[in-house]
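Q: What follows is a structure written as structure tokens; I'll ask about it next.
The values are calculated or read from the model by the stated rules, or taken from the named source; none is laboratory data. Everything numeric here is computed off the predicted structure, so don't read it as measured data. Quick reminder, even Gly has a Cβ in these numbers, built from the backbone with ideal geometry, and neighbours come from all protein chains shown.
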Amino acid sequence: MHPANIPILGALKAGTIQRHLIKLPGVALANDEPRPVISVTGANPGPLLFVNAGVHGGEYPAVEAVIRLSKAVDPKNVSGTVILMPVLNLPAFRSRTPFVCPIDNVNPNRVFPGDPSGSYSEQMTHALINEFVVHADAYADLHGGDIPEALVPFVICRSEAGLADAKARDVAARSKAIAMGFGLPYVLTVSKPVQPAKGLSSYAAAAEQGIPAILAEAGGVGQMQEEAVGLLVQGVINVMQHLGMIAGPKSKIPGSKSQGNSKSPTKKTARRAVATGKAPASVSTVLTKFEWVYTKSAGMWYPKTKAGDVVNEGEQIGTVDDLFGDTVEKIISPVNGVILFLTINPSVIENGLLMGIGVK
Ligand SMILES: [Zn+2]
């Protein structure tokens, strides 16, 4: 069907960009400010791609990438529809709260697909899945390191391994193809949640509903890194090409407002890739396990490594000291792998998360 039917957005018109301010359903969300959503409805029929950012409130390059995509994609050149939501977790975004939603102190990315009678985050994720994701042919959830985290860009999707059902394996295979097409340095395929949690992450919940889905991460430490914005914008454009939604010669990538310089290398790269319609030049390294490292002790964290470093099992990768300056814990890498994200704030709590290591 074209134009696509997303009931909460009302009628979409082929060949146009429309701005929406939507109220998500859910009693807990009744007093929310409306959330901006942009629909880019192509002139021609094709797949429906749903993209959001801001599941976590301090991951700004992802939010900026979604905003910029809304101005970059020309509906005349699109087959299908792209739905863009810059910020899901508006309470966290407004209050600069990392990881969780301040209303219920829940990490929304641990409670997908949500619960219509659950807490605020559960109602919010339930609404996202049911009002948007289930209508899509593919779903991309854009993230980055949150305010205390540095990271190296990577994409996560579900692993085919251990899935008994042929349809589920097919969705996982299509998710991985989208993840590889996104074009970031690493693709991590995971078969189980990395942390015990009540629910799933966005991409896993979408896959459970039969929707091929990825979660892409670039940027971190609470800042607007132009390079990360460029990687995420280009990644979504690569996915659109992978899905056959753009052939691409005329889409323009506008520069950032703060650094709107036509000589920006990121912008040039993005425009060149759109212009040639070529797949990303580099092939992502595939990782199949995500090992998270915690400190037992509270204190001051002194990493000896940085995001992107390769580490070896048994290698000392940092220390935690008490507030007298005495080392209370040596942090040892449990695996051979690459540090995908790293806590960079020195203050750590008991059982606090220090880093995530991707393993081949
Ligand atoms: Zn995140």
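Q: Residues to consider are 222, 230, 181, 235; find the one that is of a type outside the set (Lys, Arg), modelled with pLDDT of 95 or more and outside any helix (DSSP H, G or I). First the steps, then the outcome.
A: On the way: 230 fails: outside any helix (DSSP H, G or I); 181 fails: outside any helix (DSSP H, G or I); 235 fails: outside any helix (DSSP H, G or I).
Of 222, 230, 181, 235, the one residue that is of a type outside the set (Lys, Arg), modelled with pLDDT of 95 or more and outside any helix (DSSP H, G or I) is 222.
Q: Which one of these is touching a His at 6+ places or on another chain (Cβ under 7 Å), of a type outside the set (S, T, N, Q) and within 17 Å of residue 203 (Cβ to Cβ): 113, 108? Write out each step before concluding.
A: Working: 108 fails: touching a His at 6+ places or on another chain (Cβ under 7 Å).
Exactly one of 113, 108 is touching a His at 6+ places or on another chain (Cβ under 7 Å), of a type outside the set (S, T, N, Q) and within 17 Å of residue 203 (Cβ to Cβ), namely 113.
Q: What is the residue count in the stretch 130-144 for residues that are more than 12 Å from the ligand (Cβ to nearest atom) and either buried (at least 22 other Cβ atoms within 10 Å of the Cβ) or within 18 Å of residue 194 (Cβ to Cβ) (or both)?
A: 6
Q: For the stretch 107-120, check the following and say yes or no: at least one residue is among the basic types (Lys, Arg), touching a residue at least 40 places away in the same chain (Cβ under 8 Å), touching a helix residue (DSSP H, G or I) at 6+ places or on another chain (Cβ under 9 Å) and closer than 21 Å to residue 208 by Cα.
A: Here is the first cut: in the stretch 107-120, the residues among the basic types (Lys, Arg) are 110.
Going one step further and asking which of them are touching a residue at least 40 places away in the same chain (Cβ under 8 Å), we end up with 110.
Still in the running and touching a helix residue (DSSP H, G or I) at 6+ places or on another chain (Cβ under 9 Å): 110.
Subsequent filtering for residues that are closer than 21 Å to residue 208 by Cα retains 110.
Within the stretch 107-120, one or more residues are among the basic types (Lys, Arg), touching a residue at least 40 places away in the same chain (Cβ under 8 Å), touching a helix residue (DSSP H, G or I) at 6+ places or on another chain (Cβ under 9 Å) and closer than 21 Å to residue 208 by Cα.
For (1) at pLDDT 95 or above; (2) within 16 Å of the ligand (Cβ to nearest atom); (3) buried (at least 16 other Cβ atoms within 10 Å of the Cβ), each residue gets a yes or a no:
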{"site": "28", "(1), (2), (3)": "yes, no, yes"}
{"site": "31", "(1), (2), (3)": "yes, no, no"}
{"site": "70", "(1), (2), (3)": "yes, no, yes"}
{"site": "87", "(1), (2), (3)": "yes, yes, yes"}
{"site": "112", "(1), (2), (3)": "yes, yes, yes"}
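Q: Out of all the residues in the stretch 205-217, which are away from the ligand (no atom under 14 Å from the Cβ) and either in contact (Cβ under 8 Å) with a residue 60 or more places away in the chain or in contact with a Phe, Trp or Tyr (Cβ under 7 Å, 6 or more places away or on another chain) (or both)?
A: Selection gives 205, 206, 208, 209, 211, 212, 213.
Q: Would you point out the residue of the stretch 66-85, among those that are in contact (Cβ under 8 Å) with a residue 60 or more places away in the chain and part of a helix (DSSP H, G or I), that is nearest to residue 201 (Cα to Cα)?
A: Step one: of the stretch 66-85, the residues in contact (Cβ under 8 Å) with a residue 60 or more places away in the chain are 66, 68-69, 71-83.
Now restrict to residues that are part of a helix (DSSP H, G or I): 66, 68-69, 71-72, 75-77.
Details: 66: 20, 68: 25, 69: 24, 71: 28, 72: 28, 75: 31, 76: 34, 77: 32 Å.
So, considering only residues that are in contact (Cβ under 8 Å) with a residue 60 or more places away in the chain and part of a helix (DSSP H, G or I), the one nearest to residue 201 (Cα to Cα) is 66.
Q: Report whether or not residue 223 is out of contact with any strand residue (DSSP E or B) (no Cβ under 9 Å at 6 or more places or on another chain) and within 15 Å of the ligand (Cβ to nearest atom).
A: Spelling it out, residue 223 is indeed out of contact with any strand residue (DSSP E or B) (no Cβ under 9 Å at 6 or more places or on another chain) and within 15 Å of the ligand (Cβ to nearest atom).
Q: Please find, within the stretch 314-344, the residue that is nearest to the chain's Cα centre (by Cα) out of those that are part of a loop (DSSP other than H, G, I, E, B) and surrounded by 13 or more Cβ atoms within 10 Å (Cβ to Cβ). Step through it out loud before you land on a result.
A: Step one: of the stretch 314-344, the residues part of a loop (DSSP other than H, G, I, E, B) are 314-315, 322-326, 333-336, 344.
Checking the rest, the ones that are also surrounded by 13 or more Cβ atoms within 10 Å (Cβ to Cβ) come to 315, 322, 333-336, 344.
On the way: 315: 30, 322: 35, 333: 26, 334: 26, 335: 25, 336: 25, 344: 20 Å.
In this case the residue turns out to be 344.
Q: Output the residues belonging to the stretch 24-46 that are touching a residue at least 12 places away in the same chain (Cβ under 8 Å) and not in a strand (DSSP E or B). So that I can check it myself, show each step before the final result.
A: Restricting attention to the stretch 24-46, the residues satisfying the condition of being touching a residue at least 12 places away in the same chain (Cβ under 8 Å) are 24-29, 32-46.
The answer is 24, 25, 26, 27, 28, 29, 32, 33, 34, 42, 43.
Rundown of residues vs (1) in contact with a Ser or Thr (Cβ under 6 Å, 6 or more places away or on another chain); (2) more than 21 Å from residue 153 (Cα to Cα); (3) acidic (Asp, Glu), yes/no style:
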| position | (1), (2), (3) |
| --- | --- |
| 171 | no, yes, no |
| 174 | no, no, no |
| 182 | no, no, no |
| 189 | yes, no, no |
| 195 | no, no, no |
| 203 | no, no, no |
| 208 | no, yes, yes |
| 213 | yes, no, no |
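Q: If you don't mind, there's one more thing I want to ask. So which residues in the stretch 1-20 are of a type in the set (A, V, I, L, M, F, W, C) and not in a loop (DSSP other than H, G, I, E, B), if there are any at all?
A: Listed by number, the residues that qualify are 8, 9, 17.
Q: Kindly list the number of the only condition in (1) among the β-branched types (Val, Ile, Thr); (2) more than 16 Å from the ligand (Cβ to nearest atom); (3) over 19 Å from residue 233 (Cβ atoms) that fails for residue 147.
A: Unmet for residue 147, out of (1) among the β-branched types (Val, Ile, Thr); (2) more than 16 Å from the ligand (Cβ to nearest atom); (3) over 19 Å from residue 233 (Cβ atoms): (2).
Q: Scanning the stretch 187-232 for residues that are farther than 26 Å from residue 96 by Cα and of a type in the set (S, T, N, Q), which turns out surrounded by the most Cβ atoms within 10 Å (Cβ to Cβ)?
A: Among those residues, the one meeting the criterion is 189.
Q: Which condition from (1) free of Cβ contacts under 8 Å to residues at least 60 places away in the same chain; (2) touching a strand residue (DSSP E or B) at 6+ places or on another chain (Cβ under 6 Å) is the one that residue 163 breaks?
A: Evaluating residue 163 over (1) free of Cβ contacts under 8 Å to residues at least 60 places away in the same chain; (2) touching a strand residue (DSSP E or B) at 6+ places or on another chain (Cβ under 6 Å) leaves (2) as the failure.
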